[in-house]
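Asks: Structure in structure tokens, see below.
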Amino acid sequence: MAQDTQVNPIGFSAGQDFVSADLYKAVKYVSGAVVLADVNDLAVGVLVNLGVNGKTGTQVAVAIFGTTKVLAGGSISDGDRLISGVGGAVVKATLTTGVKSIGFAMADASTSDIIEMFIEKLIY
């Protein structure tokens, strides 16, 4: 079971309407707000709370460091470096120049599993 012990999630303005299905997906920072990250975007963290309603302009909580739950977008092994994938789900990183890793997996996963990860951003 994945746990959620992120170090002080940070409040950000929502740059899009978020719904509960967006929880535990990677988000990026754009024009003063967070939106879902996409393939190999530089993610600022993982969306962990929708705040009042997750609507554009409201405050949402983002884990930016430490352990948190995350949605797997493919097959992942414990210890794999992770990057943002389609729609903010994380996938195993291929470590080549320019890869923007958000952290590493702390469990094995298949597509759509919620697993624990450690957020530790690196650019290769």
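Asks: Could you pull out which residues in the stretch 60-93 have an amide N less than 11 Å from a spot 7 Å beyond the Cα of Thr111, following the Cα-Cβ vector?
Replies: Flagged as within label range: 73-75.
Asks: Got a sec to turn the phi values of the stretch 103-117 into Karplus ³J(HN,Hα) couplings, 6.51 cos²θ - 1.76 cosθ + 1.60 with θ = phi - 60°, whole Hz, x for Gly and Pro?
Replies: x, 9, 6, 10, 6, 6, 8, 10, 3, 6, 6, 9, 10, 8, 9
Asks: Calculate how many DSSP beta bridges within the chain are antiparallel, expressed in % of all such bridges and rounded to the nearest 5. Intermediate results must be reported in sequence, preceding the final value.
Replies: Working: 30 of 32 bridges.
Just about 95 percent of them are antiparallel.
Values quoted throughout were computed directly from the atomic coordinates according to the rules given, and no laboratory measurement underlies them. Keep in mind that what you see is a predicted model, and the values were worked out from it rather than measured. In this analysis, Cβ positions are derived from the backbone assuming ideal geometry, glycine residues included, and neighbour counts consider all displayed protein chains.
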